[in-house]
Amino acid sequence: MENPDRSNGRSAPHPPSVEEALEFAIEAIDRGDLKLGNQALGWVLQKEPENPVAWLWMACTVSGEDEKRNCYNRISV
């Protein structure tokens, strides 16, 4: 019987780690794709709501001053 996790000799894709998703988000933001960066950071923050690096970068993806302030306020010092 064929392994259901393998197709054409390849293993099933695994979800990214938080670190991988954070790196992906930062690269997107650096390229100017703020929407994609924001979406990836949203995923990171669902997994780790208190991640200060994600909140710092999230502030770069929002336009409103209140939204930015909210992001900065989520970073514990």
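Results, tabulated for the structure shown:
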| read-out | value |
| --- | --- |
| Order by protection proxy (mean Cβ within 10 Å, highest first), peptides 18-29, 46-57 | 18-29, 46-57 |
| Coordinate range along principal axes, alpha carbons of region 32-77, Å, largest first | 28, 25, 13 |
| Inter-label distance, nm, simple model (7 Å from Cα along the C-beta direction), K35/R69 | 2.8 nm |
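Any read-out appearing in this document is the output of simple, stated calculations on the displayed coordinates, not a laboratory observation. Computed from a predicted structure; not experimentally measured. As a convention, Cβ positions derive from the backbone with ideal geometry for all residues, glycine included, and neighbour counts pool all protein chains shown.
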